[in-house]
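To keep things clear, I will list the structure first and then write my remarks on it.
The values are calculated or read from the model by the stated rules, or taken from the named source; none is laboratory data. Source: prediction; values computed, not measured. Here the Cβ is made from the backbone with ideal geometry for all residues, glycine too, and neighbour counts use every protein chain on show.
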Amino acid sequence: MDRRRFLLSSLAGVVIVPKTGGAQTTAKVYRVGVLISTSAAVYHDFLEAFRQGLRELRWIEGQNLAFDYRFAEGRFDRLPDLASELVRLGVDIIVASPTPPAVAAKNATVTIPIVMVNAGDPVGVGLVTSLARPGGNVTGLAWGVGVDYAKALELLQQVVPRARRVAILTNPANSVQPLLIRDLKIAGQTLGLPLVFLEARGPNEFERAFTAAGKEGAGAMLVVAESLFGLYDTELVTLAAKNRVPTVYGGRRHVDLGGLMSYGPSVPAAWRRAAVFVDRILKGAKPADLPVEQPNKYELVVNLKTAKALGLTIPPSLLARADQVIE
């Protein structure tokens with residue numbers, strides 16, 4: 001028998017056992033689909049807060065986590081297709097913000113877990129059965145349920161006491177608008193403050209809304225927390241300054257850009273909390289068993305420079321309670 005045949009016949013009876021000591025097993029990489037109604041630029045800081053929250057829970061992008069982002073750029077009509085894309089990709093979980101993306105995600109799948117972030121009145125729009133027991137594949141963080149619109153209007157009254165009417169800018173394309181208007185009417189009645197409801201479906205309707213506010217005798221305006229208004233925050237702030245309309249916003253980005261004042265839940269805090277929901281679900285928890293959480297941190301931000309330009313004096317008591325004063 002030659003040497004080659006001898007070696008082959010000898011090895012035929014040998015069972016080779018792979019070494020396990022010190023060997024690393026390949027961890028599963030979970031795919032997180034992220035569905036946003038506006039743009040990456042608008043959500044940059046919020047998504048970074050989300051990723052940071054996940055890193056603190058030892059979910060590391062490129063190691064055990066991968067992201068698939070879809071941004072609708074303010075076009076709500078694109079959301080169903082974008083949600084379906086994420087489903088076809090086979091993501092393990094979908095994180096959707098705010099209400100329209102969450103609704104689109106739920107309509108696209110009944111099996112993939114969905115974590116909503118800042119969805120307005122999720123019970124009212126049918127995302128969950130109840131806050132305590134969501135009952136399906138959706139859970140996460142609510143927005144409209146915990147927002148105190150009466151407080152926002154009350155703060156505006158303190159800053160602009162001469163305003164006898166306040167205009168409310170909403171987006172009729174948002175499915176939560178009827179519920180939002182209901183809550184705002186209750187808030188207005190509580191304060192004895194007449195409200196003028198104005199609508200804008202896109203930036204081309206903003207100027208007309210401000211013109212209508214003037215014709216209706218509104219001395220101030222509330223721009224509700226809405227993804228469209230976040231996407232075009234610069235345009236809204238510019239129009240408010242141009243028309244000299246004291247305005248309170250639902251998000252602080254507008255105030256950073258020169259808006260007068262904002263009051264509402266902390267969006268970065270909500271996104272960091274969303275990371276906890278993702279962590280628990282990827283570790284086996286069911287969305288149906290995770291109660292929906294309401295905002296627990298509100299922010300009041302005031303821009304003194306803008307107040308001065310409008311000839312307004314901010315009460316010291318209001319400044320004392322502000323989370324940030326921009327000078």
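Does segment 159-169 contain at least one residue that is in contact (Cβ under 8 Å) with a residue 24 or more places away in the chain, out of contact with any Gly (no Cβ under 8 Å at 6 or more places or on another chain) and surrounded by fewer than 16 Cβ atoms within 10 Å (Cβ to Cβ)?
No, because not a single residue in segment 159-169 is in contact (Cβ under 8 Å) with a residue 24 or more places away in the chain, out of contact with any Gly (no Cβ under 8 Å at 6 or more places or on another chain) and surrounded by fewer than 16 Cβ atoms within 10 Å (Cβ to Cβ).
Listed by position, the strands (runs of 3 or more DSSP E) contained in segment 52-171 that have at least 1 residues being of a type outside the set (S, T, N, Q) and over 22 Å from GLY251 (Cα atoms) are 65-71, 93-97, 114-119, 138-142.
Residues that are modelled with pLDDT under 95 and not in a loop (DSSP other than H, G, I, E, B) within segment 185-198 comprise LYS185, ILE186, ALA187, GLY188, GLN189, THR190, LEU191, listed in sequence order.
Whether a residue is within 23 Å of GLU154 (Cβ to Cβ), at pLDDT below 95, touching a helix residue (DSSP H, G or I) at 6+ places or on another chain (Cβ under 7 Å) and part of a loop (DSSP other than H, G, I, E, B) was assessed, and GLY251 passes this test. Annotation: PHE277 fulfils all but one of (1) out of contact with any strand residue (DSSP E or B) (no Cβ under 7 Å at 6 or more places or on another chain); (2) part of a helix (DSSP H, G or I); (3) more than 22 Å from SER39 (Cβ to Cβ); the unmet one is (1).
Remark: PHE50 falls outside the filter, which requires a residue to be at pLDDT 95 or above, out of contact with any helix residue (DSSP H, G or I) (no Cβ under 7 Å at 6 or more places or on another chain), in the same structural domain as LEU89 (by TED's automatic domain parsing) and surrounded by 13 or more Cβ atoms within 10 Å (Cβ to Cβ).
Taken together, the residues in segment 231-253 that are out of contact with any Asp or Glu (no Cβ under 8 Å at 6 or more places or on another chain) and surrounded by fewer than 24 Cβ atoms within 10 Å (Cβ to Cβ) amount to 12.
May I ask you to verify whether ALA132 is in the same structural domain as ASP77 (by TED's automatic domain parsing), under 11 Å from VAL292 (Cα atoms) and among the small types (Gly, Ala, Ser)? Considered against the rule, which asks whether it is in the same structural domain as ASP77 (by TED's automatic domain parsing), under 11 Å from VAL292 (Cα atoms) and among the small types (Gly, Ala, Ser), ALA132 comes out as yes. Among the residues of segment 303-327, those that are in contact with a strand residue (DSSP E or B) (Cβ under 7 Å, 6 or more places away or on another chain), closer than 21 Å to LYS242 by Cβ and outside any helix (DSSP H, G or I) comprise ASN303, ILE326. Surrounded by fewer than 15 Cβ atoms within 10 Å (Cβ to Cβ), modelled with pLDDT of 95 or more and among the hydrophobic types (A, V, I, L, M, F, W, C) - does that describe any residue in segment 69-89? Yes.
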